[in-house]
Amino acid sequence: MIKSFEKIKNSFIIIFMKKINNSDFESIQNIINNIDFHYEETNQKAQADLFNSWEEIIGNKISKFSKLFEISADNVLTVVCKDSFVANELYFEKEKIFSLVNKKAEKLGIKLKDIKFDYRKWKEHNL
């Protein structure tokens, strides 16, 4: 969360200084909108990088039967699994898996609170 705040603060300073240097003063709302867009774009890229690194984190064998699916608003990562057997096996290793994923997430500026495994969404989304 601190890294995210620093990114927002730095973006604000850069955008604000550009406006001052150009003598083009905008409303605070326009500046905030620019920061929100930049933050959202950065956050989406970080999530995509995390999701694309699943095979590297978990290994080729397991990644064939599971995928990172989403990060909820309350920072819970959902891993979808091909079936309940895979979900149960991953659940038994939940702490270890969360530690590995969270280490990568933190490097990307993503703060996770928990991880859950769901086999129903695999079929719902035809993965």
- Give me the pairs: first residue in segment 93-110 and in contact (Cβ under 8 Å) with a residue 40 or more places away in the chain, second residue part of a loop (DSSP other than H, G, I, E, B) and not β-branched (Val, Ile, Thr), beta-carbon distance under 6 Å, and six or more apart or on different chains, which are they? Lys104/Ser53; Ala105/Leu112
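Within segment 50-127, considering only helices (runs of 4 or more DSSP H) that don't extend past its boundaries, which have at least 2 residues that are among the charged types (D, E, K, R)? Steps first, answer last, please.
Details: elements: 54-58, 60-63, 84-92, 94-107, 120-124.
Counting at least 2 such residues, we get 54-58, 94-107, 120-124.
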- Item | Residues that are under 15 Å from Gln47 (Cβ atoms) and touching a helix residue (DSSP H, G or I) at 6+ places or on another chain (Cβ under 8 Å), drawn from segment 81-102 | Val101
- Query: For segment 77-126, how many residues meet the condition of being surrounded by fewer than 13 Cβ atoms within 10 Å (Cβ to Cβ), under 18 Å from Ser53 (Cα atoms) and not charged (D, E, K, R)?
  - Reply: 1
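Does segment 66-111 hold any residues that are of a type in the set (Phe, Trp, Tyr) and touching an Asp or Glu at 6+ places or on another chain (Cβ under 8 Å), and which are they? Give the steps one after another, and end with the answer.
Filtering segment 66-111 down to residues of a type in the set (Phe, Trp, Tyr) leaves 69, 85, 91-92, 98.
Selection gives Phe69, Phe98.
Here, each number is a calculation from the coordinates, and none is a lab measurement. Keep in mind the model is a prediction, meaning the values are calculated, not measured. Glycine gets a Cβ as well: all are built from the backbone with ideal geometry, and neighbour counts include every protein chain shown.
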